[in-house]
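Visitor: Please find one structure pasted underneath; my questions will follow.
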Amino acid sequence: MKKKVLIVGGSSKIGKNLINTLDKKSYQIYSTFNNNMIKGKKYKHIKQIEINLNNDIHASFHKLKINYDIIVLLPGVLLGKSLSEYNSKNIISNFNINFTSQTILLNKILKKQKKNCLIIFISSISARRGSYDPIYAAAKGAMISFSKSLSLWLSPKIKCLTLCPGLIKDTNMYKSFTAKRLNNLKKQTPNKEFLNSKDLSKIICDIIQPHWRHANGAIIDINGGLYS
């Protein structure tokens with residue numbers, strides 16, 4: 001029987017690569033999208049669900065009433081602002097997308113969950129070392145505390161793993177950086193290269209295998225040695 005995988009944020013670059021990497025003979029894939037439905041013949045096997053995480057999740061939650069084996073949470077937005085550059089609306093919106101909306105979604109899903117489930121959180125190096133954008137770092141840091149709490153109190157039914165990648169090449173976040181900033185960051189990274197979304201997708205496909213259950217609650221840094 002195929003395992004049911006929910007990818008929240010499947011229309012992102014990472015989401016599309018993950019969909020393409022997962023073995024469709026082994027997994028039934030469900031993917032959420034906001035404004036961009038995933039189009040193309042190679043995505044016809046997935047079931048797409050329209051949900052706007054920045055608005056009222058309650059109105060569209062009925063579309064998600066399925067018991068999942070694996071949930072992968074991909075949403076993230078980096079405004080790259082200092083605290084003084086933020087206004088109240090930006091702070092609330094940023095925290096909502098990067099943390100709050102995902103916790104509300106999980107809250108509603110897990111109330112209906114009847115079988116064991118693995119949750120993969122995507123946090124950030126910013127949560128581990130801090131960031132020029134403190135709101136983004138704080139939201140991603142909250143995700144780490146949240147995932148550790150779930151893994152401690154909801155196991156063995158619910159298990160959690162959290163990945164903290166550095167800058168991911170070929171994503172919108174990567175494209176927002178100037179060439180000078182990218183070059184400086186690459187020089188600081190011991191690997192002298194950035195993680196790309198295809199490799200991150202392969203890593204996710206690795207850690208959803210059953211033997212990784214022993215890493216329940218782990219926070220895994222993936223940044224080429226830049227921070228640990």
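Visitor: Quick one: count up the residues across the range 107-123 that are touching a helix residue (DSSP H, G or I) at 6+ places or on another chain (Cβ under 8 Å) and either hydroxyl-bearing (Ser, Thr, Tyr) or modelled with pLDDT under 95 (or both).
Guide: 3
Visitor: Restricting attention to the range 203-228, and to residues there that are touching a Ser or Thr at 6+ places or on another chain (Cβ under 6 Å) and outside any loop (DSSP other than H, G, I, E, B), which single residue is least open to solvent (accessible area, probe 1.4 Å)?
Guide: Of the range 203-228, the ones touching a Ser or Thr at 6+ places or on another chain (Cβ under 6 Å) are 205, 216-217, 219, 221, 224, 226.
Subset that is outside any loop (DSSP other than H, G, I, E, B): 205, 219, 221.
Details: 205: 20, 219: 36, 221: 50 Å².
Step by step, filter the range 203-228, then rank; the result is 205.
Visitor: Let me ask another. Identify, by number, the condition in (1) open to solvent by 20 Å² or more (accessible area, probe 1.4 Å); (2) closer than 24 Å to residue 168 by Cβ; (3) out of contact with any Gly (no Cβ under 9 Å at 6 or more places or on another chain); (4) at pLDDT below 95 that residue 94 doesn't meet.
Guide: Here residue 94 clears every test but (1).
Visitor: Return a yes/no flag: does the range 51-60 have any residue that is farther than 20 Å from residue 106 by Cα, in a loop (DSSP other than H, G, I, E, B) and not aliphatic (A, V, I, L, M). Before the answer, list the steps.
Guide: Of the range 51-60, the ones farther than 20 Å from residue 106 by Cα are none.
Scanning the range 51-60, I find no residue that is farther than 20 Å from residue 106 by Cα, in a loop (DSSP other than H, G, I, E, B) and not aliphatic (A, V, I, L, M), so the answer is no.
Visitor: Taking the range 14-30 only, how many residues are of a type outside the set (A, V, I, L, M), closer than 17 Å to residue 49 by Cα and touching a strand residue (DSSP E or B) at 6+ places or on another chain (Cβ under 8 Å)?
Guide: Of the residues in that region, 4 qualify.
Visitor: From (1) in contact with a Leu (Cβ under 7 Å, 6 or more places away or on another chain); (2) among the polar types (S, T, N, Q); (3) open to solvent by less than 40 Å² (accessible area, probe 1.4 Å), pick out the condition that doesn't hold for residue 171.
Guide: Checking residue 171 against (1) in contact with a Leu (Cβ under 7 Å, 6 or more places away or on another chain); (2) among the polar types (S, T, N, Q); (3) open to solvent by less than 40 Å² (accessible area, probe 1.4 Å), the one that fails is (1).
Visitor: Taking the range 152-166 on its own, how many of its residues are open to solvent by less than 10 Å² (accessible area, probe 1.4 Å) and of a type outside the set (Val, Ile, Thr)?
Guide: Residues flagged as open to solvent by less than 10 Å² (accessible area, probe 1.4 Å) and of a type outside the set (Val, Ile, Thr) within the range 152-166 amount to 5.
Visitor: Next question. Quick check on the range 25-37: of everything there that is assigned to a loop (DSSP other than H, G, I, E, B) and modelled with pLDDT under 85, which residue is least open to solvent (accessible area, probe 1.4 Å)? Can you show your working first?
Guide: Initial filter on the range 25-37 (assigned to a loop (DSSP other than H, G, I, E, B)): 25-26, 34-37.
From what is left, the residues that are modelled with pLDDT under 85 are 34-37.
Numbers: 34: 58, 35: 128, 36: 105, 37: 100 Å².
Of everything passing the filter in the range 25-37, 34 is least open to solvent (accessible area, probe 1.4 Å).
Visitor: Name the single residue that is most open to solvent (accessible area, probe 1.4 Å) among those in the range 189-202 being part of a loop (DSSP other than H, G, I, E, B) and polar (S, T, N, Q). Talk me through it step by step, then tell me what you get.
Guide: First, pick out the residues of the range 189-202 that are part of a loop (DSSP other than H, G, I, E, B): 189-194.
Retained after the next criterion (residues that are polar (S, T, N, Q)): 189, 191.
Numbers: 189: 6, 191: 93 Å².
It comes out as 191.
Visitor: Restricting to the range 38-88, name every residue that is open to solvent by less than 20 Å² (accessible area, probe 1.4 Å) and among the aliphatic types (A, V, I, L, M).
Guide: Across the range 38-88, the qualifying residues are 38, 46, 49, 51, 57, 64, 70, 71, 72, 73.
Visitor: Okay, moving on. Does the range 121-151 hold any residues that are surrounded by fewer than 22 Cβ atoms within 10 Å (Cβ to Cβ), among the hydrophobic types (A, V, I, L, M, F, W, C) and within 20 Å of residue 212 (Cα to Cα), and which are they?
Guide: Listed by number, the residues that qualify are 144, 146, 150.
Visitor: Would you check if residue 20 is loosely packed, with under 14 Cβ neighbours inside 10 Å and not in a loop (DSSP other than H, G, I, E, B)? Lay out the reasoning, then the answer.
Guide: Values: loosely packed, with under 14 Cβ neighbours inside 10 Å: yes; not in a loop (DSSP other than H, G, I, E, B): yes.
For residue 20, the condition - loosely packed, with under 14 Cβ neighbours inside 10 Å and not in a loop (DSSP other than H, G, I, E, B) - is met.
Visitor: Do any helices (runs of 4 or more DSSP H) entirely within the range 76-174 hold 3 or more residues that are β-branched (Val, Ile, Thr) and touching a residue at least 24 places away in the same chain (Cβ under 8 Å), and if so, which?
Guide: By residue number, 101-112.
The values are calculated or read from the model by the stated rules, or taken from the named source; none is laboratory data. Just so you know, these numbers come straight off a predicted model, no measurement behind them. Virtual Cβ from ideal backbone geometry, glycine too; neighbours counted across all protein chains shown. Side chains are part of the model used for accessible areas, which takes the heavy atoms of the whole protein and leaves out ligands, DNA and RNA. Shrake-Rupley method; radii C 1.70, N 1.55, O 1.52, S 1.80 Å.
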